[in-house]
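Below: one structure, written as structure tokens.
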Amino acid sequence: MSVGLKSSKLSSTPPKHGGDLAYWQRKVGDDALTWLDLSSACNREPWPIPEIAPALWMDLPDQVNLLEEAERYFGRRPTAIGAGSQHIIESLPPMLLASQSSALLNETKTVFVPRIGYQEHAFAWKKWGFDIAYYDTLDELLGQKWAVAVVIQPNNPTGEIASHHILSRLIAHAEQQGANIVVDEAFVDACPELSLLNSKQGKSLSESLFILRSVGKFFGLAGARVGFVFCATKWQAAIKNLLGPWPVATPSLHLVTLAFADKAWQSKALQGLNVRQAAFVERVMPKFNTIFDSQDSVTNPLFVTWFLESEEYAKQVFDMLHQVGVHTRLGEGWIRVALPALNEMDALNSALIRLLKTAGGRELV
């Protein structure tokens, strides 16, 4: 069977996402209008949006200014800009399909993705007829044959961090078998030392490697829909042609250019995340541990994820939190909580205390 876009694949149910408060407000009604939305792991203290000149809405997009500022921010000029990293995730399967021989694809059409991670990766490759396989640890990939491997660095929601050593081995393994590796660094801006771009400065990128970056998480600009891909020059024309001439609106290009240039805010934001995380761990986390009946958790600069005893229990606790006006991200046996803003910490703390006092909660010890 040839690999290609199938109508049956297009009718598949898309993955669910956090940041879906509007859906719940439509479903629940007025009671949800005042919920504290911690379902999206975007920075709750985002880069402040300045006034936007009306002329920006009338000019066709020109990416040059953002590309230049992005080169200063990342230390390397992006290969292309898309409407969020999601746009690039959607474009990679057809691009690689067009570049590979049918014989190679028939031999290796497996795409490895993390068992728990951003589900749009698997969904995008599946739509184009690739076989999806799941891994639990990156070491497993070194002994496997695959067309593509996806690494999320750091992983959302597990918080798993890949060392540069294992990533280098995976890139070499991809090169040896004519495969590709996609490293999604959407959350890396809050811990920039983890970025592959740092270790690759001054070096050409492997033709097997694609690095994705986004401004939705650390900068809190998910609505701007701006993402970047870094890859070998071999792919530049193909990826740009797939993304199209004007993938990002002029106001978004302008705002992200300003955000990348705002070094003072970036430094303050990194310090602020540390302060907020310390406050959350000390004041709020013990209450969540009690409510979730679990201390099996992972802490990231932008979120904390708890792994619970079952999917049924996770759903039960998710609904309990709604009763006190706290909206979180529900997964298959896990719940992710975005790091609140400092001015949200008291309200969250009070809500959790109310829940612990109800019949459905547990006594705080």
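Overview of results
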read-out	value
Cα-based shape type of region 120-242, given that a ≥ b ≥ c are square roots of the gyration tensor eigenvalues and the cut on a/c is 1.5	rounded
Debye-sum result for region 16-155 in log10 I(q)/I(0), which assumes one identical scatterer on each alpha carbon, at q = 0.17, 0.19 Å⁻¹	-1.17, -1.23
Extended-chain gain in nm, criterion 0.36 nm per residue less alpha-carbon gap, residue 132 and residue 322	65.0 nm
Signed unit charges on C-beta, dipole axis of region 72-228, positive-most listed residue 123, 173, 92	92
Student exercise, region 19-160 dipole from Lys, Arg, Asp, Glu Cβ charges, in Debye to nearest 20	460 debye
Solvent-accessible ranking of 107, 185, 160, largest area first, probe 1.4 Å	107, 160, 185
14 Å cut-off, amide nitrogen to a point 7 angstrom out along residue 342 Cα→Cβ, residues in region 245-282	268-280
Gain on full stretching of the segment that runs from residue 31 to residue 232 - 0.36 nm per residue minus C-alpha separation	67.3 nm
Environment charge at residue 155 (Cβ cut-off 12 Å; Lys +1, Arg +1, Asp -1, Glu -1)	-2
Inter-probe distance in nm under a simple model that places probes 7 Å from Cα toward Cβ, at residue 279 and residue 68	3.9 nm
For the chain, accessible area per residue (1.4 Å probe, heavy atoms of protein chains only), Å²	45 Å²
Cut-off 15 Å between beta-carbons: net charge of the residues surrounding residue 112, Lys and Arg +1, Asp and Glu -1	-1
Positive-end residue of 307, 267, 114, charge dipole of the chain with Cβ unit charges	114
Relative contact order computed over region 108-148 (Cα-Cα under 8 Å; 6+ residues apart), in percent	58 percent
Computed label-point distance, nm, for sites residue 261 and residue 299 using a 7 Å Cα→Cβ extension	3.7 nm
Taking region 152-276 and dividing mean pair separation by its residue count, relative contact order in percent (alpha carbons under 8 Å, at least six apart)	19 percent
Cβ-derived FRET efficiency at R0 51 Å, residue 13 paired with residue 207, nearest 0.05	0.90
Accessible-area composition of the chain, carbon plus sulfur, in percent [1.4 Å probe]	51 percent
Fluctuation leader among 179, 351, 55 - the chain, Gaussian network, Cα springs under 10 angstrom	55
Under 27 Å from the Cα of residue 109 - lysines, other chains or at least 8 residues apart	6, 9, 16, 126, 127, 145, 234, 240
Around residue 25: net Lys/Arg minus Asp/Glu count, Cβ-Cβ under 12 Å	-2
DSSP-defined antiparallel bridges as percent of all bridges, the chain, nearest 5	50 percent
Extension reserve of the residue 20-residue 52 stretch, reckoned as 0.36 nm per residue once the Cα distance is removed	8.9 nm
Mean shadow area of region 207-365, taken as a quarter of the surface of its Cα convex hull (nm²)	12.4 nm²
Area accessible to solvent at residue 299, 1.4 Å probe radius, in Å²	60 Å²
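The values are calculated or read from the model by the stated rules, or taken from the named source; none is laboratory data. Treat the numbers as computed from the prediction; the structure is a model and nothing was measured. Note that each Cβ is placed from the backbone with ideal geometry, even for glycine, and that neighbours are counted across all protein chains shown. For the accessible areas, the whole protein counts, side chains as well, though only heavy atoms, and no ligand, DNA or RNA atoms are used. Shrake-Rupley method; radii C 1.70, N 1.55, O 1.52, S 1.80 Å.
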